[in-house]
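Engineer: Right, I'll just put the structure down here and ask away after.
The values are calculated or read from the model by the stated rules, or taken from the named source; none is laboratory data. A quick note: this is a predicted structure, and the numbers were derived from the prediction, not measured. When we count neighbours, we look across all protein chains shown, and the Cβ atoms used for this are built from the backbone with ideal geometry, even at glycine.
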Amino acid sequence: MGGIICAETVTGIETMVEETKKLVQKFLAERESDGILGLRKGDWNIIQPHVFTLPEELDALVLDPKWPFAKLAMQILRTAPKEYRLAVICRGCDERAIFELFKRNQIEENRIQIIGIPCSSEQARLCLCERPYPTKLDVGDAVPGVDPFEDAGVKELLMGDDTRRMKRWAQVLKRCIKCYGCRNSCPICVCEPCKLENEVWVRRGSIPTEILSFHLIRAFHLSDSCVACGACQEACPVGIPLQSLQLSMRRALRERYDYIPGCDPVKKSPILGDFVDEPEKDRSIPEWVNTLRE
Amino acid sequence: MNLVRTICPYCGTGCGLLLRVVDGTAVATYPDREHPVARGHLCIKGWTAHEFIHHPDRLTSPLVKKGDSFKEISWDDAIKLAMDQLLGIAGKYGGDAVGGLSSAKCTNEENYLFQKMIRAGFHTNNVDHCARL
């Protein structure tokens, strides 16, 4: 393959794993970080996240399945000594989440290093991911993204007749068992205290939850920061299409403000920023508000 | 960082979870995406499973009610007391006068033995467990 690593083939994946191992080895040898967060295949071939600190551990390093690392990395850094530095093997969504956490002062930039890996096109299809690669790839080659609005399920939820869509959303959101898995797994959900634990908005111990004050509070809190990692949807035990709930606002941010959350470590969202880049100054209520009408 | 792979103790479903342990203290719970039952899903109890482990209200020894208050006693004394009382009551009023409430936090085998004791030992079907409440 002439040095090009293609994530689509078995040999491509194996080469990518070997290349990553070499890179991690270098990080450990040069003491660039105190540990490297990745996936380890342990006893009985069980895969789980692991902080690699010794070269002899690297035989067990794997890259699949997708396992969101950004929140875990943030939590590891919080309980570690101040001088502890962590490198993280990042997919596109992990990197975007880490960038958003920089902007929200949740991770100090000098304590984290990113080892960028691409997702396979199969993974991109599963996640309906528009950017299945980080800004800088350390191994492998990027595959093209997927347009989520081309997906039949997304079309059903976000396009067409309002009444039918409202019925469909009420139907799926009614399933919620209020496990807080979406909040817990979301890399951007870091509010302390969380609005969803406030009796004013969310009643304790009753299901189904209030659609407006639970799911939509969360959706709006993440309106300018959702990195479309899909962690919420993957954690949802009742299969609520939570990722689709964010798509309208992600698209509006991109079309109206030329902003994609997490794609730049410095550039802030129009909500955190100063609105200088706003392309249409006269428009006070963006068009996408219409799609949330009851 | 140490991630300990274990099973949620709250109910009979047995979802897989990962406990993050820092200096001997469980500080967070994560769903186990590789677990064949849960496949990365948890309910609210599973997500908060680390909270009871070191909770100050957690019972660490058997309690016996004396008057209006509970007193800590040893396991040996607790088992002896329970045996004496249960056998005494069942002997006098029959097996249906006693019953047992077991726990989903026990193993399958422990629960099997418990219902066996109640059913075959005391000849009553008065046996249930916390996850069915």
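Engineer: What tally of residues in the range A:235-272 results from selecting those that are assigned to a loop (DSSP other than H, G, I, E, B) and among the charged types (D, E, K, R)?
Structural biologist: If we filter the range A:235-272 for residues that are assigned to a loop (DSSP other than H, G, I, E, B), which is where we start, we get A:236-241, A:258-272.
Subsequent filtering for residues that are among the charged types (D, E, K, R) retains A:258, A:264, A:267-268.
The number of residues fulfilling the criteria is 4.
Engineer: Oh, and also: Can you tell me which residue in the range A:177-187 is surrounded by the fewest Cβ atoms within 10 Å (Cβ to Cβ), limited to those that are of a type outside the set (F, W, Y) and either within 11 Å of another protein chain (Cβ to nearest Cβ) or farther than 22 Å from B:R39 by Cβ (or both)?
Structural biologist: Here is the first cut: in the range A:177-187, the ones of a type outside the set (F, W, Y) are A:177-179, A:181-187.
Still in the list and also either within 11 Å of another protein chain (Cβ to nearest Cβ) or farther than 22 Å from B:R39 by Cβ (or both): A:177-179, A:181-185.
On the way: A:I177: 15, A:K178: 18, A:C179: 22, A:G181: 27, A:C182: 24, A:R183: 21, A:N184: 21, A:S185: 24.
Checking each candidate, the answer is A:I177.
Engineer: Shifting gears a bit: Limited to the range A:73-100, what total is found for residues that are surrounded by fewer than 24 Cβ atoms within 10 Å (Cβ to Cβ), of a type in the set (A, V, I, L, M, F, W, C) and out of contact with any Asp or Glu (no Cβ under 9 Å at 6 or more places or on another chain)?
Structural biologist: Within the range A:73-100, residues that are surrounded by fewer than 24 Cβ atoms within 10 Å (Cβ to Cβ), of a type in the set (A, V, I, L, M, F, W, C) and out of contact with any Asp or Glu (no Cβ under 9 Å at 6 or more places or on another chain) number 2.
Engineer: Would you check which residues across the range A:120-157 are over 14 Å from the mean Cα position of the chain (by Cα), assigned to a helix (DSSP H, G or I) and either acidic (D, E) or under 27 Å from A:K267 (Cα atoms) (or both) and list them?
Structural biologist: A:E122, A:P148, A:F149, A:E150, A:E156
Engineer: Quick one: which of A:I217, A:I240 is of a type in the set (V, I, T) and within 25 Å of B:D32 (Cα to Cα)? Walk me through how you get there before you give the answer.
Structural biologist: Values: A:I217 fails: within 25 Å of B:D32 (Cα to Cα).
The match here is A:I240.
Engineer: Also, I was wondering about something else. Examine the range B:1-11 for a residue that is out of contact with any Leu (no Cβ under 8 Å at 6 or more places or on another chain), within 14 Å of chain A (Cβ to nearest Cβ) and hydroxyl-bearing (S, T, Y), and state whether such a residue exists.
Structural biologist: yes
Engineer: Tally up the residues in the range B:71-80 that are farther than 17 Å from B:F114 by Cα and of a type in the set (A, V, I, L, M), please.
Structural biologist: Residues of the range B:71-80 that are farther than 17 Å from B:F114 by Cα, as a first pass: B:71-74, B:76-77.
Of the ones still in play, those that are also of a type in the set (A, V, I, L, M) are B:73.
Of the residues in the range B:71-80, 1 are farther than 17 Å from B:F114 by Cα and of a type in the set (A, V, I, L, M).
Engineer: Answer yes or no: is there a residue in the range B:49-66 that is more than 14 Å from chain A (Cβ to nearest Cβ), more than 24 Å from A:M74 (Cβ to Cβ), exposed (fewer than 13 other Cβ atoms within 10 Å of the Cβ) and more than 19 Å from the chain's Cα centre (by Cα).
Structural biologist: yes
Engineer: Okay, moving on. Taking B:Y30, is it outside the structural domain of B:V127 (by TED's automatic domain parsing) and more than 16 Å from the chain's Cα centre (by Cα)? Lay out the reasoning, then the answer.
Structural biologist: Details: outside the structural domain of B:V127 (by TED's automatic domain parsing): yes; more than 16 Å from the chain's Cα centre (by Cα): yes.
Answer is yes for this residue.
Engineer: Taking the condition surrounded by fewer than 18 Cβ atoms within 10 Å (Cβ to Cβ), more than 23 Å from A:T20 (Cα to Cα) and touching a residue at least 60 places away in the same chain (Cβ under 8 Å), does A:D162 pass? Can you show your working first?
Structural biologist: Values: surrounded by fewer than 18 Cβ atoms within 10 Å (Cβ to Cβ): yes; more than 23 Å from A:T20 (Cα to Cα): yes; touching a residue at least 60 places away in the same chain (Cβ under 8 Å): yes.
When the stated conditions are applied, A:D162 passes them.
Engineer: Testing A:K167 on (1) in the same structural domain as A:S248 (by TED's automatic domain parsing); (2) touching a Ser or Thr at 6+ places or on another chain (Cβ under 9 Å); (3) not small (G, A, S), one condition comes back false. Which one is that?
Structural biologist: Exception for A:K167: condition (2).
Engineer: Tell me which of these A:G35 doesn't satisfy, since it passes every other one: (1) small (G, A, S); (2) farther than 24 Å from A:L72 by Cα; (3) at pLDDT 90 or above.
Structural biologist: Exception for A:G35: condition (2).
Engineer: Which one is farthest from A:F69 (Cα to Cα), of the residues in the range B:20-48 that are within 11 Å of chain A (Cβ to nearest Cβ) and among the aliphatic types (A, V, I, L, M)?
Structural biologist: B:I44
Engineer: So, one more: Could you please find all residues in the range A:227-249 being away from every other protein chain (no Cβ under 14 Å) and out of contact with any Gly (no Cβ under 9 Å at 6 or more places or on another chain)? I'd like the intermediate steps shown before the answer.
Structural biologist: Here is the first cut: in the range A:227-249, the ones away from every other protein chain (no Cβ under 14 Å) are A:227-228, A:241, A:243-249.
Listed by number, the residues that qualify are A:L245, A:Q246, A:L247, A:S248, A:M249.
Engineer: Follow-up. Where residues in the range A:55-102 are of a type in the set (F, W, Y) and over 18 Å from A:P132 (Cβ atoms), which of them is nearest to the other protein chains (Cβ to nearest Cβ)?
Structural biologist: The initial filter retains those residues of the range A:55-102 that are of a type in the set (F, W, Y), namely A:67, A:69, A:84, A:99, A:102.
Restricting the remaining residues to those that are over 18 Å from A:P132 (Cβ atoms) gives A:84, A:102.
On the way: A:Y84: 10, A:F102: 21 Å.
In this case the residue turns out to be A:Y84.
Engineer: Continuing with the same structure: What pairs can you find where one residue is in the range A:173-188 and over 15 Å from B:A28 (Cα atoms) and in contact (Cβ under 8 Å) with a residue 24 or more places away in the chain, the other is outside any helix (DSSP H, G or I) and among the small types (G, A, S), and their Cβ atoms are less than 7 Å apart, with a gap of 6+ or different chains?
Structural biologist: Correct list of pairs: A:I188/A:S225.
Engineer: Among the residues of the range A:190-226 satisfying the criterion of being within 23 Å of the chain's Cα centre (by Cα) and within 14 Å of another protein chain (Cβ to nearest Cβ), which is surrounded by the fewest Cβ atoms within 10 Å (Cβ to Cβ)?
Structural biologist: Filtering the range A:190-226 for residues that are within 23 Å of the chain's Cα centre (by Cα) and within 14 Å of another protein chain (Cβ to nearest Cβ), the one surrounded by the fewest Cβ atoms within 10 Å (Cβ to Cβ) comes out as A:E197.
Engineer: Within the bounds of the range B:87-95, is there any residue that is in contact with a Leu (Cβ under 6 Å, 6 or more places away or on another chain), more than 14 Å from every other protein chain (Cβ to nearest Cβ) and either surrounded by 14 or more Cβ atoms within 10 Å (Cβ to Cβ) or at pLDDT below 95 (or both)?
Structural biologist: Here is the first cut: in the range B:87-95, the ones in contact with a Leu (Cβ under 6 Å, 6 or more places away or on another chain) are none.
Among the residues of the range B:87-95, not one is in contact with a Leu (Cβ under 6 Å, 6 or more places away or on another chain), more than 14 Å from every other protein chain (Cβ to nearest Cβ) and either surrounded by 14 or more Cβ atoms within 10 Å (Cβ to Cβ) or at pLDDT below 95 (or both), which makes the answer no.
Engineer: Another question about this same structure. Can you tell me which residue in the range A:158-191 is nearest to A:R104 (Cα to Cα), limited to those that are charged (D, E, K, R) and part of a helix (DSSP H, G or I)?
Structural biologist: Of the residues in the range A:158-191, the ones charged (D, E, K, R) are A:161-162, A:164-165, A:167-168, A:174-175, A:178, A:183.
Now restrict to residues that are part of a helix (DSSP H, G or I): A:162, A:164-165, A:167-168, A:183.
Numbers: A:D162: 35, A:R164: 37, A:R165: 34, A:K167: 36, A:R168: 34, A:R183: 17 Å.
Across the range A:158-191, the extreme among qualifying residues is A:R183.
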